[in-house]
Amino acid sequence: MIKQLILVGIGGGLGSMLRFLVSVSTSRFVHGTFPLSTLLVNLSGCFLIGVLVGIFSQPPHVGNNMRFLLITGFCGGYTTFSTFAHENLLLIENQQIPLAIGYTLLSVVLGIALVWAGIWVSQVAYSR
């Protein structure tokens with residue numbers, strides 16, 4: 001368990017650093033209100049997790065340590081959107097379409113609502 005935790009931490013740290021670099025690099029070249037760097041990170045993360053899942057499902061099968069490092073750690077640190085997209089694809093592949101739609105709607109709508117709620121709570125707490 002400790003080894004896997006360390007692998008996830010290393011991968012997550014590297015993924016987070018790359019996400020920051022993509023954001024900084026994109027903002028140097030593109031100005032405006034559209035969150036292009038986040039879109040680039042999310043879409044490239046989805047492609048990357050797809051490539052990794054595809055590679056790891058082929059013989060010779062890669063051990064779980066590489067999955068922890070690259071999928072859970074790196075992709076998780078780079079973007080959790082990639083994991084979200086992969087989980088939805090698994091639901092769709094298993095013909096659980098209503099569950100996939102519900103998961104997507106709950107994640108997006110509640111996610112936005114909870115960001116708003118968190119901002120509101122912090123503003124109320126700060127104003128006291």
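Computed from the coordinates by the stated procedures, all read-outs in this text should not be read as laboratory data. Here the structure is a predicted model, which is why all the values come from computation and not from measurement. When we count neighbours, we look across all protein chains shown, and the Cβ atoms used for this are built from the backbone with ideal geometry, even at glycine.
Below are the figures for this structure:
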quantity: Burial ordering of His86, His31, fewest other beta-carbon atoms within 10 Å first; calculated: His31, His86
quantity: Rounded tilt (10° steps) of 111-127 against the dominant C-alpha axis of the chain; calculated: 40 degrees
quantity: Of (i) 1.04; (ii) 1.16; (iii) 1.08, the label for Rg/Rh (Cα atoms, Kirkwood Rh) derived from the coordinates; calculated: (i)
quantity: Extension gain, Ile112 back to Ser25 (0.36 nm per residue minus Cα-Cα distance, nm); calculated: 28.7 nm
quantity: Protection-proxy order for peptides 41-50, 68-77, 113-122, each taking the mean of Cβ atoms within 10 Å per residue, highest first; calculated: 68-77, 41-50, 113-122
